[in-house]
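Data first, discussion second: the structure below is written as structure tokens.
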Amino acid sequence: MLRNYLKIAIRQLKKQKMYAAIKIGGFALGVAACLLIALYIRDEMSYDKSYPDTDRIFRVVGFYNHDGKVEKGTDWPAPMAKVIRADMPEEEKTGRLMPNSLMGAGSNELRPADRVQNTYEEGFAFADQELLDILKLPMVYGKRENALKEPLTMVIAKSKADKYFPGQDPVGKVMYINNDKTQPFKIGAVMQDIPGTSHLSQFKFLVTLSGREFGTGEQNNWGDYNYPIYIELKQGTNLAAFEHKLSNDILRNYLLPEAQREGMKDAEKEVAKFSLHMQPVKDINLYSYDIQDGLSHGDIRFTWLFGAIAGFILVIACINFINLSTAKSANRAKEVGLRKVVGSYRSSLINQFLTESLVYSLISFVLGIFIAWLILPYFNTLASKSLTMPWGEWWLIPVILLSALIVGTVAGIYPAFYLSSFKPVQVLKGSISGGSKSPILRNTLVVFQFTASIILIISTIVIYNQTHFILNRKVGFDKDQVMVLQGTNTLGDQNVKNLKVELSKIASVKSVSISDYLPVNGTKRNGNTFFKEGREKLDAGVGGQFWQADDTYLKTLGMKLVEGRNFSYNMSSDTAGKSVIINQTLAKKLNLKNPVGARITNGYVFTVIGVVQDFNFESMRGNIDPLMLHFGISPSMMTVKFSGNDVQNTVANVSAVWKKYSPDQPIRYTFLDEQFANMYADVQRTGRIFTSFAVLAIIIACLGLFALSAFMAEQRGKEIGIRKVLGASVKGITARLSMDFVKLVLLAIVIASPITMWGLNKWFLQDFAYKAPISWVWTFVTAGLGAIMIALATVSFQSIKAALANPIKSLRSE
């Protein structure tokens, strides 16, 4: 019987080529979308599971309840790791990481000691020896146990060892970072490259924290928060009990005394707002979207959202299959009637139709896998991934077969029962059973399809508007035609100043500034607490940034000074570092009504000489933070503002001057507007993914609408014939048939609108402090009109075809 079922299924496929192509094509597109998103989710869920003791490794995360809003961070004082080792017998090992602070925020010029040419490298971080032991990173050369124990040692990845020391064991070799010969770094070991499915995969160079101090007394200072801390717990430790003990011990015994020592107002009350929590290392990638850790990682909310989109697309494809199967019921009615007359059981007919569904499903899965393979490079670009098809995995074939069986059965079960329910007497008399007299199921299916499609259309519009708003909003500084010249700290302080002077002489250069504190990601950051002089023990401190800037910083970046004056080399108080410029936010938070001349302290006392207009120096996901600028140079970056439109020629002139000062180091630069745009690469990526899946969902939904219009034209054939005989026009009949579908799309718009508004506010827009002004009414109208036009274009073919049909053909059976 199975052989006979397969033979009939293949015969039907060949007989109805167009409908078979639509069935299989829609299914295949749904399968391809599901497979791609499944690969994406699998990759996201696999992060940080390769360490031998993953289940016992945690990162310490701090929660701070600030006026009802919980802020989360991972930076802790340097001595905290030492205290945990001494006071907590439950811990096996405790290690620190400093990912964003090595002489230029993780990007440096590097060279072996026996070479003169520097090479730009990224992926630097400071780390304790204990961190290597916690993660048990495998070594290619050298021993892990002592790789970072000694001062001025570092561990490099195998890919970098092959680059600088091909075919050699580089352990013991010396390398210079940023041409600093006073600190020769010895290679302690070579590690295997950290897997791409690790939140630490970006790091290729781990530099020891042994013997390192960032400021006098910093390693014993409980007031400087610089280090993420990782803890490996002993087997069988009660996590909740340890977390409570850790939080209580650190806060009461160390952070509270420090706050009291600094004279913090209501120190106990303020410290009580803090709590410490243990985040499993395998959760870092997906569950750190609201944690400020300076690392790039995924977002569990979008992971499941994409999964839901894939599910919707597959359901839409299944709906298409059901609609197409029922739409062509007239072609199968006589077959069913004759089979029943000659003794076929209904169960046999159900098996026959389910077999056909499974054949379609299997072909669709095979085609879907092929489509997924073809568009995987495009999807990798969209999602910023390096996914590959798991051809060699043992589970691939069983999963595909099982999925094809489940999807084919689910999609085919309703048509099988529907078609097998035809009564032989009615069929052989010439009447076609309409199945259920109620159109509720069919209408529900098409409303569901268009609800899902409209949700994706509206989401795409809102994400695009938000992205456009962010990239084009006035942010308080001029980011256009500003070159960021990098790696300038290799020249030495005096040569950097000389380079600035020479670059300023180029006719097409408007201004030049030396500072690696810039209003974009990837540049220096720090944290300080500021007080109005004399109020240290009366007011709560104001946290903010404390940046070095030279006398041309504001001019080069187009920042507006709203009060006071700029820095000057002619003012001894400026060059001595006693004068500061603050932003409007800091002036407001310190309640400085006349800020110029006011004195501010952060342990040292400064006089305010100017107030700069607020500018966004972090992502617009958050509000503008307090900022203080003090005079000086931090020379690893230089900004060059162009005055003309001949960018290519200006870059060539800048390059020529650079070669004069640094013949052994290639020039390296970016443009500020590009770096600014890169801050929102994840938003743009999300928008592109939504757009792609919205288009795909609409295509599949239109196939379903085409099927439904064919079904309705078939069901109402006699009605249309009678109307034509009575004088109805083709235009009137077409409008009547089309209006039924327009009503369904309008209902889908009504359902989709509140769902989309709620979902976007909860999952997307709440992440931004600055939101694009959205006219929800016009957004819904635009999406709705688009959906209606697409629906009309889809059904018009069947409607016009039915209206033009000869009424004799539909009425002759009477």
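The values are calculated or read from the model by the stated rules, or taken from the named source; none is laboratory data. All figures in this text were calculated on a predicted structure; none of them were measured in a lab. Note: ideal-geometry Cβ built from the backbone for every residue, glycine included; neighbour counts use all protein chains shown. Just the protein is used for accessible areas: all its heavy atoms, side chains included, with ligands, DNA and RNA removed. Shrake-Rupley method; radii C 1.70, N 1.55, O 1.52, S 1.80 Å.
Computed values, structure above
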| item | result |
| --- | --- |
| Qualifying positions in the range 563-585 - out of contact with any strand residue (DSSP E or B) (no Cβ under 8 Å at 6 or more places or on another chain) and in contact (Cβ under 8 Å) with a residue 12 or more places away in the chain | Ser568, Tyr569 |
| Sole residue being open to solvent by 60 Å² or more (accessible area, probe 1.4 Å), more than 40 Å from the chain's Cα centre (by Cα) and farther than 30 Å from Thr451 by Cα, chosen from Asn253, Asn351 | Asn351 |
| Filtered residues of the range 38-65 (kept if closer than 22 Å to Glu243 by Cα and part of a helix (DSSP H, G or I)) | Thr54, Asp55, Arg56 |
| Subset of the range 567-621 (residues that are among the small types (Gly, Ala, Ser) and touching a helix residue (DSSP H, G or I) at 6+ places or on another chain (Cβ under 9 Å)) | Ser568, Ser579, Ala598, Gly610, Ser619 |
| Sole exception among (1) in a loop (DSSP other than H, G, I, E, B); (2) under 23 Å from Lys497 (Cβ atoms); (3) in contact with a strand residue (DSSP E or B) (Cβ under 9 Å, 6 or more places away or on another chain) for Phe617, by number | (2) |
| Hits in the range 45-63 (condition: open to solvent by 40 Å² or more (accessible area, probe 1.4 Å) and either among the aliphatic types (A, V, I, L, M) or under 21 Å from Met98 (Cβ atoms) (or both)) | Met45 |
| Residue among Ile698, Ile722 that alone is open to solvent by 30 Å² or more (accessible area, probe 1.4 Å), at pLDDT 70 or above and in contact with a Pro (Cβ under 8 Å, 6 or more places away or on another chain) | Ile722 |
| Strands (runs of 3 or more DSSP E) within the range 132-247 that include 1 or more residues in contact with a Leu (Cβ under 9 Å, 6 or more places away or on another chain), free of Cβ contacts under 8 Å to residues at least 40 places away in the same chain and surrounded by 15 or more Cβ atoms within 10 Å (Cβ to Cβ) | 185-191 |
| Out of Gly622, Gly644, Gly632, sole residue that is at positive phi and surrounded by fewer than 18 Cβ atoms within 10 Å (Cβ to Cβ) | Gly632 |
| Within the range 564-588, tally of residues that are of a type outside the set (Gly, Ala, Ser), open to solvent by 30 Å² or more (accessible area, probe 1.4 Å) and more than 25 Å from Val482 (Cα to Cα) | 5 |
| The range 523-552 residues that are crowded, with 21+ Cβ neighbours inside 10 Å, paired with ones that are basic (Lys, Arg) and part of a loop (DSSP other than H, G, I, E, B) (beta carbon under 8 Å, 6 or more apart) | Trp547/Lys524 |
| Of all residues in the range 7-44 being of a type outside the set (A, V, I, L, M) and under 19 Å from Leu382 (Cβ atoms), the one that is surrounded by the most Cβ atoms within 10 Å (Cβ to Cβ) | Gly30 |
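Yes/no per residue for (1) part of a strand (DSSP E or B); (2) closer than 28 Å to Ile470 by Cβ:
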position: Ile624; (1), (2): no, yes
position: Met628; (1), (2): yes, yes
position: Thr639; (1), (2): yes, yes
position: Val651; (1), (2): no, yes
position: Ala656; (1), (2): no, no
position: Lys660; (1), (2): no, no
position: Ile667; (1), (2): no, no
position: Phe676; (1), (2): no, yes
